[in-house]
Amino acid sequence: MARLVAGIGSSHVPSIGRAHDQGKQDTPEWAPLFDGFAPVKRWLAEEVQADVVIVVYNDHGTEFLLDRYPTFALGVADSYAVADEGYGPRPLPQFKGDPAFSAHLAQSLLTQEFDMTLCQEMALDHGFLTAMPLLWDAAPAWPVAVVPLFVNVVQHPLPTAQRCFKLGQALRRAIDSYPEDLRVVVLGTGGLSHQLNGERFGHLNPSWDRWWLDTISHDPQTLAALTHLELIRDAGAEGCEVIMWLVMRGAMGAQVRELHRTYYAPMTTGMALLTLEEIASRD
Amino acid sequence: MQPSSFPTSNADATHLPGTYLFDLALSRQGYVFNRMCAALRKPEARAEFLVDPDAYMRAQGVSEAHRDAVHRRDWLALTRLGGNLFFFLKLAVTLGVGLYAVGAQMRGESYEEFMRTRSVPGAV
């Protein structure tokens, strides 16, 4: 039977990918961020040994254009390409999918009345890519298969935070009902506080970010009850992306243990990594 | 459970100064412009755009107001005209303008002024 073995929340800032590709991991400006990922990467390789990662992410005008914009979409392909976001694709290998697992997730989610858009082709941009090489070695090939789960956090109306949490709960039931022995990680991406539009560009709120990280383990319902307006006010317009972390948190049981946390806010985004593990079975 | 309030139009976010909620009204206004920006994902489109930006934008049906704002590198005006940053960043980088320069312009600051407001300006 498939088993959820970890829940991870991570920011997906493009500058992290650039620093990674340019080998700036040990520079004073970037070491605080990359050093924070290193122990989690080790733990994933040595102890977790996941087979599949469900990556909850948003696209940034790269693959999903505004002519038809899904609210939730799920990859069901056997491979996924690395996208060109306007400055050439990043030097990362393409990802292998798990179409049988994806098909099961699709069937289960639809049965649970989450009507996903199902995609046979998805090129992946920084929303998906940023955390991946910081958590798993990309070369020579990714050691994990992936299932991309897209959430609209770009064009309002967005799904509510509560809906994202419930999608996570449904996703967990889907994982638990898969008969194959798979070790599954759910990775929620985005945030934390940042705003990239208008005169309020650069809005950052480290104390709110800390509150979010402090609260998600033991009281996710408080976060799921937040409105978009509250999120925009406190975390910034693009800070709304944090609702994708609630898909990850919804997939985990009530009792979770925080294994690791990193937070760094050097420029315009609160960059965070949070690693959670379940303590008890779901109630 | 129905959330007590969530933004369904820009009007709901107007009390947040300097914030432009990318809703369906703005998306409609910026639709052709954003579509043109997304086309710049392809290297051949970027090359064609750079030969004659105005001709490229006209051929894509981009309005005069949007084209004027592009020529002035006025990202704030483009935002008000329904441009979405994630889309027009592809245009900006094609023109050699990075995210932080775009942000500085929207804030009404020079790049250097903006960078002085950041805690680790070397982390770019």
Scan of the stretch B:1-19 for residues that are facing chain A (nearest Cβ under 8 Å) and either assigned to a helix (DSSP H, G or I) or modelled with pLDDT under 95 (or both), ordered by number: B:1, B:3, B:4, B:5, B:6, B:7, B:8, B:12, B:13, B:16, B:17
Candidates A:133, A:39, A:91, filtered to the one that is loosely packed, with under 15 Cβ neighbours inside 10 Å, under 25 Å from residue B:99 (Cα atoms) and either at pLDDT 95 or above or hydroxyl-bearing (Ser, Thr, Tyr) (or both): A:91
Residue in the stretch A:167-180 that is under 16 Å from residue A:228 (Cβ atoms), at pLDDT 95 or above and surrounded by fewer than 20 Cβ atoms within 10 Å (Cβ to Cβ) present: no
Qualifying positions in the stretch A:55-109 - in contact (Cβ under 8 Å) with a residue 60 or more places away in the chain, of a type in the set (Gly, Ala, Ser) and more than 21 Å from residue B:28 (Cα to Cα): A:73, A:75, A:100, A:108
Tally of residues being touching a residue at least 40 places away in the same chain (Cβ under 8 Å), assigned to a helix (DSSP H, G or I) and among the hydrophobic types (A, V, I, L, M, F, W, C) across the stretch B:66-88: 3
Residue in the stretch A:153-168 that is in contact with a Leu (Cβ under 7 Å, 6 or more places away or on another chain), away from chain B (no Cβ under 14 Å) and touching a residue at least 40 places away in the same chain (Cβ under 8 Å) present: yes
Given (1) touching an Asp or Glu at 6+ places or on another chain (Cβ under 9 Å); (2) within 14 Å of another protein chain (Cβ to nearest Cβ); (3) not aliphatic (A, V, I, L, M), index of the condition residue A:41 fails: (2)
Checklist (1) closer than 21 Å to residue A:241 by Cα; (2) β-branched (Val, Ile, Thr); (3) modelled with pLDDT of 95 or more applied to residue B:62, failing item: (1)
Helices (runs of 4 or more DSSP H) enclosed by the stretch A:209-283 - at least 2 residues per element that are more than 14 Å from chain B (Cβ to nearest Cβ) and modelled with pLDDT of 95 or more: A:243-250
One residue from B:96, B:122 being in contact with an Asp or Glu (Cβ under 9 Å, 6 or more places away or on another chain) and either within 10 Å of chain A (Cβ to nearest Cβ) or free of Cβ contacts under 8 Å to residues at least 60 places away in the same chain (or both): B:122
Considering residues of the stretch A:217-274 that are crowded, with 17+ Cβ neighbours inside 10 Å, among the basic types (Lys, Arg) and touching a residue at least 24 places away in the same chain (Cβ under 8 Å) only, the residue farthest from residue A:172 (Cα to Cα): A:261
Residue ID - nearest to the other protein chains (Cβ to nearest Cβ), chosen from residues in the stretch A:49-80 that are surrounded by fewer than 20 Cβ atoms within 10 Å (Cβ to Cβ) and not in a loop (DSSP other than H, G, I, E, B): A:72
Selection count, the stretch B:49-65, where residues are on the phi < 0 side of the Ramachandran plot, within 14 Å of chain A (Cβ to nearest Cβ) and without any contact (Cβ under 8 Å) to a residue 40 or more places away in the chain: 1
Any chance residue A:36 is in contact with a Gly (Cβ under 7 Å, 6 or more places away or on another chain) and outside any loop (DSSP other than H, G, I, E, B): no
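The values are calculated or read from the model by the stated rules, or taken from the named source; none is laboratory data. From a predicted model like this one, the values you see are computed outputs, not experimental measurements. For neighbour counting, all protein chains shown are included, and Cβ atoms are generated from backbone atoms with ideal geometry for every residue, glycine included.
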